[in-house]
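Read-outs: derived from the displayed coordinates by stated rules, not from any lab. Just so we're clear, the structure is a prediction, and the values are computed from it rather than from any experiment. Glycine gets a Cβ as well: all are built from the backbone with ideal geometry, and neighbour counts include every protein chain shown.
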Amino acid sequence: VQERERQRIAQDMHDSATQLLVGAMLELKSAQKRLGVAELARAEASLEKVGRVLHQAEKEIKRVIHDLRPPSLDALGLAPALRRYIERYAEFSQIDCTLSVLGQERRLPARLEIGCYRLVQEALQNVSAHAETDSARVILAFAPQMLKVTVLDEGCGFDMAAESRPGQESLGLLGMRERAESMGGQLTIHSRLGQGTRVELLVPLEREGAS
């Protein structure tokens, strides 16, 4: 799981901040050439564009750092942290995503909060990458000895039989299963072509206290 997490972070940085910074460097080189031939107005426009690109890169870097360990997770707990993440996710992905909390919301041990948070992240990333839908839903259901985390979409779904063949399961699904096992939980995935996907995580809480 840790190695896949590093790969995901590296890919995220490459797809966002790195590309923005490369664009900024190209604009700087262009501006330098224009300054050399006294094209001051065009050089000034290029430098203004560089400023905008660098500002966007700064936002992307802050987003990735925030997702590594969101301050709201430590300060407020799983549900508030997911609310904030889902707001940002909806903005970036253009997918209408909602969070519902059932039962008595409470703090969990840190390893469970970060594990559930990461699993929801991975499930929603799969939604935006593969589901071809404009809506998704996350449900946290607290019970005295169990937490159920559900991520639903009504997108294109996939062929469960094909995914279950040896060596065919995607890295995203495999990563979620490994994360569930690391928490002592059970992950169930239901999907049918044209009928969306349902990801359910059951995490036992009977021997866990607040962190």
Task: Options 155, 202, 94, ranked by Cα towards positive dipole end of region 71-204, top entry (Cβ charges) - done: 202
Open item on the list: Using a 7 Å offset from the Cα along the Cα-to-Cβ direction at both residue 174 and residue 192, what is the distance between the two label points in nm, to one decimal?
Closed with: 2.9
Open item on the list: Testing the spin-label approximation: label points 7 Å from Cα along Cα→Cβ at residue 83 and residue 22. State their distance in nm.
Closed with: 3.9
- [ ] Starting from the Cα gyration tensor of region 55-108, take the square roots of the eigenvalues, sort them a ≥ b ≥ c, and report rounded, prolate or oblate (rounded when a/c is under 1.5, otherwise prolate if a/b is larger than b/c, else oblate).
- [x] oblate
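Assign one of three labels to region 71-204, namely rounded, prolate or oblate, based on the Cα gyration tensor with a ≥ b ≥ c the square roots of its eigenvalues; rounded applies when a/c is under 1.5, prolate when it is not and a/b is larger than b/c, and oblate otherwise. If you can, show how the numbers build up before the last one.
Working: a/c = 1.86, a/b = 1.31, b/c = 1.42.
Because a/c hits 1.5 or more and a/b fails to exceed b/c, region 71-204 counts as oblate.
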TODO: With a Förster radius of 45 Å, plug the Cβ-Cβ distance of residue 48 and residue 104 into 1/(1 + (r/R0)^6) and report the FRET value to the nearest 0.05.
DONE: 0.30
